[in-house]
Amino acid sequence: MASSPPRVRKDVYKLASTDKTLEWYGKAINVLKNRPIKDPTSWRYQAAIHGYNRSEDPLKKSSDVLPSSSEQAKFWNQCQHGSWYFLSWHRGYLLWFERTCLAAIVKLGGPKDWALPYWNYSSKATGTVDPRLIPPAFRQPTVGVSPNPLFTPGHQGGTSGNAGITSFDVSLECLKRTKFVGASTGGSPGFGGIQTGFHHDPGTLGACEATPHNNIHSAVGGFMWSFNTAGLDPLFWLHHCNIDRLWEVWRARSTSTGDPTESAWKDFLFNIHNETGAAITFKSSAMSSTIANGYKYQGISDPFAATAGSILASVEETPVADTGPRPPAELAGATDGSISLGQGRSSARVAIAPHAQSILASVGDDSPKRVFLNIENITGKGPPGTYKVFVNVPEGENPDDYGDHFVGTLALFGISEQSSGDAAHGGSGLTFVLEITDLVQKLQDEGRWNESDLDVDFVPLRPVPDGMDVKVGRVSVYHA
Amino acid sequence: MAGQAAERLSRLLRERPEAWVYAVSAVCWAALILAPARSAAAGFCLGGDALAGLSFASRVAFARIGWAPALAHWLLMIGAMMLPMAAMAARHVAFRSFRQRRGRALAAFLLGYATIWLAAGPLYLAAGLLLRLAAGGSMGVPLGGALAAAAAWQATRAKRRALRRCHRTVPLAPHGWRADRSCLRFGLDHGRSCLTSCWALMLVPAAAGHELLLMLPVALVALCERRTLGAEPLLRPADAWQRIVNLRPSLVPLRAR
């Protein structure tokens, strides 16, 4: 029997005006919403697979009959963050959600080749279309006189669709990482994250998970602000299709070294239900290929290729040379205490240990030495804000006037969940690793490198949401 | 040849400083398996026929003789079963410290961790002994009670919370006495979470006279739930196989990146 051609996940901003993809998506959502939470193919159960906390459930009813606690333990709160399973687990999650929608669509007489669309917020604005805006179909609470099944209350920017997403949020620098697996030891976080066991919490974030993934969650807001409600926003699934697509973009790049080959990654088993509601397991490695799973993406061109039509094509190509075995990164200096982040600029000074000063000073001498800024154990509560991070901005100057000292963003999606003692990882908080090798080299070349201290500034990217209270546990510098 | 081996060892410890923890654990397992440890165990376990025909007072008097080897045995048992539980936290301590003070940081952390379990030792010994004395030297009743207590504890919210806290990492001060203090404190916190999570499971081998045949599966259950489904206690025997499958990759040593 000939197998069906792969279904195509299309760019939501490139759908033809006659395209029915979103209309069928809305119909499927309505079908799933009519199923009780106990049903694995229901809208709420599907969202709970990502995360569930009864006290946060915006759709909770006294008549709810929840699955047994052992079923919840096995199938709910499964999302993998701060882990090398981030991409493979979310691919499986998307796949069976999509098939569940497809089954409902086919039952309604819809197309058998329906697929979720993706939201490519990093693509170039053309004419009146700005892909950084929330796609129009998701903005209005009603369609005609009926409720819009694609609408979710609480998005930042309201019905304007302008959640304030900036070029920092949609940066695709993560694609330049050549290795999938990162280090848990202060060095490169890799494209796909660090080696962990089951990891339902952010810890040290992989490059793709940190940006753009976390940034979009933090910018869009509403249900997207929390692990435990994100899956209730129809836009969540388009966002994650794009993250899933970026995995394909990364794999297709000539500098990428491919998926992990360790059985620790390949053989890890996850639990989920298929579109019939039957419990199944899937291996992490079964998610390596989209085609083998019956779908592909409309576009996986390299945004850094010279001919790509992306605004990012102009960014200088500097592949991050993190190939080959290297000794683990080592601590060069760290703050002695924590730093509070607020509505304005916050600063930290990292004292570089005397023994490490000469090592860092050699970064510019054609050495393969690399330098990483670790922002460790960020804990807090409230909605997640996003901060820009600058290094060694001259005292008294405005960091925003020193764009070449910008080293990355901290988008704090998941901070509340990860800061509670009840969190899967006991409240460790988030840890970001930003590579600063190029900046250190530049400062040394220009004779502006300070051997004994490194100054770090945190500046809110957008006005910080009310109620956010954040503390960075430690800022450290590692060399590898 | 010796030089190469030394270099390999040095590289191993640089990349996997938590290897120390596994090495000490392996030594403890070896000691437990060897005869001297078994006789030490017999000294305080007083199980089975050893107590037959003795009055309760005689049994208590007889039991007192066994305290020293019993505590030594407890130390070995904790080293064998509980040190691997702390391996990932030890790795965190090692890599979040300057390389020059890694050994000191690990020592402070493990001191804190072991202090909690060692402090709990006499309580376990007393509980195990009293149960067996009251049961007339029989192993079945105390073992059944310990298994029931362990099963009940597995399903509690406190157990789940403690298990989750076993995955907690904290920022460590980099220099001087503050660094020592933060490593020690992290060890104490980690030990407390570990004891809260596993106290009932550890009753099982304690009640059964620390039989190796029971220590091994208990250690495996504890390691499975610690490493494979970070958030959730192992509740259903039917899920055990998947947890064991997932344990295998999680025990593969972390490679340097």
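What the table below lists for this structure:
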read-out	value
Where A:THR204 falls short, out of the listed (1) within 12 Å of chain B (Cβ to nearest Cβ); (2) more than 13 Å from the chain's Cα centre (by Cα); (3) polar (S, T, N, Q)	(2)
Filter result for the condition that a residue is surrounded by fewer than 18 Cβ atoms within 10 Å (Cβ to Cβ), closer than 30 Å to B:ARG181 by Cα and not polar (S, T, N, Q), over B:LEU147, B:LEU130, B:LEU118	B:LEU118
Identity of the residue in region A:1-28, of a type in the set (Ser, Thr, Tyr) and out of contact with any Cys (no Cβ under 9 Å at 6 or more places or on another chain), that ends up farthest from A:GLY161 (Cα to Cα)	A:SER3
Condition met for A:VAL181 (buried (at least 20 other Cβ atoms within 10 Å of the Cβ) and free of Cβ contacts under 8 Å to residues at least 60 places away in the same chain)	no
Tabulated pairs, region B:19-40, first more than 21 Å from B:ARG102 (Cα to Cα), second crowded, with 18+ Cβ neighbours inside 10 Å and at pLDDT below 60, C-beta under 6 angstrom, 6+ apart or interchain	B:ALA31/B:ALA37
Strands (runs of 3 or more DSSP E) fully within region A:412-480 counting 1 or more residues that are within 14 Å of another protein chain (Cβ to nearest Cβ), farther than 30 Å from A:GLY197 by Cβ and not β-branched (Val, Ile, Thr)	A:453-460
A:THR41 vs. criteria of a type in the set (S, T, N, Q) and farther than 27 Å from A:SER289 by Cα	no
Which numbered condition A:GLU248 misses (of (1) surrounded by fewer than 24 Cβ atoms within 10 Å (Cβ to Cβ); (2) over 17 Å from A:TRP119 (Cα atoms); (3) not small (Gly, Ala, Ser))	(2)
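Here's the yes/no breakdown for (1) buried (at least 18 other Cβ atoms within 10 Å of the Cβ); (2) away from every other protein chain (no Cβ under 14 Å); (3) farther than 21 Å from A:GLY222 by Cβ:
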position	(1), (2), (3)
A:TRP24	yes, yes, yes
A:LEU32	yes, yes, no
A:TYR45	yes, yes, no
A:ASN53	no, no, no
A:GLU56	no, yes, no
A:GLU71	no, no, yes
A:PHE75	yes, no, yes
A:TRP84	yes, no, yes
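The values are calculated or read from the model by the stated rules, or taken from the named source; none is laboratory data. This one's a predicted model, so the numbers in the text were calculated from it and none came from an experiment. Note that each Cβ is placed from the backbone with ideal geometry, even for glycine, and that neighbours are counted across all protein chains shown.
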